[in-house]
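Below: the structure, in structure tokens.
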Amino acid sequence: MKYILTIIFLFSSLIYSQQSTKYLVYFKDKGITKSNTLSKTSQEYITALDGLSPRSIERRKKVIGDNIVEYNDVPIKIEYVETIEKTSAKIVWKLKWFNAVSCWATEKQFAEIQKLSFVDKIEKIKTIRYRKTEENDNRMSKVQVDSDSTYELDYGFSLTQNELSDIPTVHDLGYSGRNVIVGLLDAGFAWREHPSLSNANVLAEYDFVYGDSLTDDGDASHGTSVFSIIGGFHESWLIGPAYNAQYILAKTEDIFSETRVEEDNFAAALEWMEALGVDITSSSLGYSEFDDTTESYTYKDMDGKTTIVTKASEIAFSKGVLTISSAGNEGNKSWKYITAPADGFNTLAIGAVNASNEIAAFSSHGPTYDNRMKPEILAQGVSCYNARAYSEGYGFGSGTSFSAPIASGIAAQLLSTYPHLNNNQMRRIIIEAGDNADKPDVKEYKRGYGLLSAVRALEYPNLKEENGNYILNKMFINEIIGDEDSVFAAIYDPKTDVVPFSLMQENNGYYSIDVPSYQPGTELMLQFMIGNRGGNNEFYRFIYGSLDIVKATDKVIPTQYEVYQNYPNPFNSSTTIVIDLPQPTNFKLKVYNILGQEIKTIYSGSKLQGQHKFFWNGNDNFGSRVSSGVYIYNLYSEGMKVSRKMILLN
């Protein structure tokens, strides 16, 4: 009966769509003055708050603070919607983030809507030709594989894709995504009958194509495969990195037309997921070319701020969601570059490698049009073992749509280990957990910061803010720590003496210490030591009052002076500047505005030879946030001056 109703719905929609066009109608206001801060006693604030789950509220507090309701959370003015409906245009979605509605309208209805005084602008909704995977081996496989591994779980043929990113090691520590909510946006999910997914913890699912709660319309093969790669569990067959996570599923692609994806469905799905309290979203969609090629996006539009799906993804990130997207399968096609929403400033774009950590030919590359690093990170996307929908079988498939769920699963493992992390911290840690994070690929823009490792992600130090105090956390996985060993952290202002502090081991396997109090804005150095073995030669830097920790040096001894282009660039939270010193050097690193006025002294002093990382969070010397614009950073040393430009976008 469900499929009969779907066919009827499809037929009626087809007739309607042949007579009309789908538009996004933007309104000038929401009936109230636009403000970043709303009165908590106003009806608009109360209504918007009622639309958020307690889980969404708590996640938002990590990044927004107590003012968790913003102007874009206020519902659309109902009178505007009713006026649109009086034209007989068919409303599809009310998108509060965009203060817009999507609707089907004839030429006559379009003309009527265009004349309405409260309408700001009207855009045609684009319909996308979507390539799902680069290749897909449809052979059924139920053959178990013998494994000589010493892991606690038997991964079957999925061992390779998991082991490449150190996922089984983290599983053995007990971290598999528990208490984390992951949202998947794809082409439908036939999860109830497959043995790897039948016990999955699905909190909610919705079909944004046909407007019902069933995401399986008879051809959910791709979404089922993606779901199994991140969250499947069928021991000796297939195990995903986040098999203990909770899931929210959104069908945003029209599988009956094979390749149609509509932008407003994606935006509506993200609004829905965010309000339900999702922590991480993972999308395997790629928006670039359209059914009507005259309306296709161009590479120029891959600038992080043009496409609807990119803007929706970035809004979700601003509310505390870690947004992850496949980079695209265009590397060996005419397009070549990443596709939306992977071009977002904060959305992590995931490229694909094979089992030997070699870049897949199909993996889309960067940079973005505005010259930012993409993809940021890599995971296996060639010959990934996955579930086959409408059977109990398995097979192999390739595409960045299969590397994205692996990276998303590691993100879930990370958040499960450290529930206090916000999405900005997680994004930084995932980037630093790449195998070439110290030497990002700024030549070909194919590898980004490298192959993601779950072990490196969990081992990376992080900070927790608690009642105005800070707690430093660190896990040691590859280090052998004996019962007689003490673990120390040296936290110090480079201008003062180094004082080591002993770390206490927590019940869940990591170490922690209360960070001594410093003046907010003080730049601190950090190094870890185990027993009498001395330091591990890894230094970190963080600003007291900030939760961001970056690597400060590595072991490479450069042969010449080099000041690298900052990354990311443009940026809107913090950026990293890398300097190579072939010998001990006294120098100053300063930031100026385009008028030549000094804004910030990032560093002034002496450093030993080596590669050094500095970061700037967009604050001036007085701790105030500076405005968006072009800035210049200068290195001064013994008559030498090197200048580079960078762009801050608040």
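The values are calculated or read from the model by the stated rules, or taken from the named source; none is laboratory data. If you're wondering where the values come from, they're calculated on a predicted model, not measured in any experiment. Here the Cβ is made from the backbone with ideal geometry for all residues, glycine too, and neighbour counts use every protein chain on show. We work out accessible area using only protein heavy atoms, side chains counted, and drop any ligands, DNA or RNA first. Shrake-Rupley method; radii C 1.70, N 1.55, O 1.52, S 1.80 Å.
In the chain, what percent of the accessible surface is made up of carbon and sulfur (1.4 Å probe, ligands and nucleic acids excluded)?
Values: 12980 of 26570 Å².
Roughly 49 percent, rounded to a whole number.
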Practice item. May I ask you to evaluate 6.51 cos²θ - 1.76 cosθ + 1.60, the Karplus curve with θ = phi - 60°, for each residue of the range 433-443 and list the ³J(HN,Hα) values in order in whole Hz, giving x for glycine and proline? Key: 8, x, 6, 10, 4, 6, 9, x, 7, 9, 9
Check your understanding: Mean 1/r over all different Cα pairs, inverted: what Kirkwood radius does the range 163-288 give, in Å?
Key -> 14.8
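Calculate the dipole size of the chain relative to its Cα centre from +1 charges on Lys and Arg beta carbons and -1 charges on Asp and Glu beta carbons; express the result in debye to the nearest 20.
Details: 62 positive and 80 negative charges, 404 e Å.
Charge dipole of the chain: 1940 debye, to the nearest 20.
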Check your understanding: What is the Cα coordinate range of the range 565-650 on the first, second and third principal axes, sorted by size from largest, in whole angstrom?
Key -> 37, 23, 21
Review point. Using a simple spin-label model with points 7 Å from Cα along the Cα→Cβ vector, what separation in nm is obtained for ASN478 and GLU82?
Key: 6.4
Point to revise | Structure-based [θ]222 nm, the chain - -39500 (n - 2.57) summed over DSSP H runs of at least 4, per residue, nearest 500 | key: -6000 deg cm²/dmol
Check your understanding: How much accessible surface area, in Å² rounded to 10, belongs to the heavy atoms of ARG192 with a 1.4 Å probe?
Key -> 120
Exercise for review: For a label point 7 Å from the Cα of VAL642 along Cα→C-beta, name the residues of the range 572-602 whose backbone N is under 14 Å from it.
Suggested key: 577-590
Exercise for review: Report the calculated FRET efficiency for ASN332 and ILE46 (r = Cβ-Cβ distance, R0 = 60 Å), to the nearest 0.05.
Suggested key: 0.70
Review point. Rounded to the nearest 5, what is the percent of antiparallel bridges among the DSSP beta bridges in the chain?
Key: 75
Revision key, fill the gap. Quarter of the surface of the C-alpha convex hull for the range 317-462, i.e. direction-averaged projected area in nm², equals 9.6
Review point. So which trypsin sites (Lys or Arg not before Pro) in the range 398-498 are both in a DSSP loop and have at most 12 other Cβ atoms within 10 Å of their Cβ?
Key: LYS443, LYS495
Check your understanding: How much length, in nm to one decimal, is gained on full extension between ASP29 and ASN586, taken as 0.36 nm per residue of separation minus their Cα-Cα distance?
Key -> 195.1 nm
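Kindly identify the range 370-526 as rounded, prolate or oblate by the Cα gyration tensor criterion: order the square roots of the eigenvalues as a ≥ b ≥ c, call it rounded if a/c is under 1.5, otherwise compare a/b with b/c, prolate if a/b is larger, else oblate.
Numbers: a/c = 2.43, a/b = 1.72, b/c = 1.41.
It is prolate, given that a/c is not under 1.5 and a/b is the larger ratio.
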Check your understanding: Got a number for the accessible area of ASP548? Probe 1.4 Å, square angstrom, nearest 10.
Key -> 30
Check your understanding: Helix hunt in the chain: which complete DSSP H runs extend at least 18 Å axially by C-alpha with mean Kyte-Doolittle at least -1.0?
Key -> 2-19, 263-276, 400-417
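Stretched out fully, how many nm does the piece from THR160 to ILE122 gain, at 0.36 nm a residue minus the Cα gap?
Gain on stretching THR160 to ILE122: 8.8 nm.
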Review point. How much solvent-accessible surface does GLU85 expose, in Å² to the nearest 10, with a 1.4 Å probe and all protein chains in place?
Key: 90
Review point. Highest mean first, what order results for 366-377, 73-84 on Cβ atoms within 10 Å?
Key: 366-377, 73-84
Review point. What percentages, rounded to whole numbers, describe P(r) for the chain computed over all alpha carbon pairs with 10 Å bin width beginning at zero?
Key: 3, 15, 25, 26, 18, 9, 3, 0, 0
Practice item. With only alpha-carbon atoms counted, please give the Rg and Dmax of the range 41-102, in Å. Key: 13.9, 43
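How much length, in nm to one decimal, is gained on full extension between ASN199 and SER213, taken as 0.36 nm per residue of separation minus their Cα-Cα distance?
Working: separation 14, 0.36 × 14 = 5.04 nm, distance 1.85 nm.
Going from the current span to full extension adds 3.2 nm.
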Practice item. Go from 0 up to the bin containing the longest alpha carbon distance in the range 328-381, width 5 Å each, and give me the % of pairs per bin. Key: 5, 24, 31, 24, 12, 3, 0
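Quick one: accessible area per residue over the chain, 1.4 Å probe, rounded to a whole number of Å²?
Averaged over the residues of the chain, the accessible area is 41 Å².
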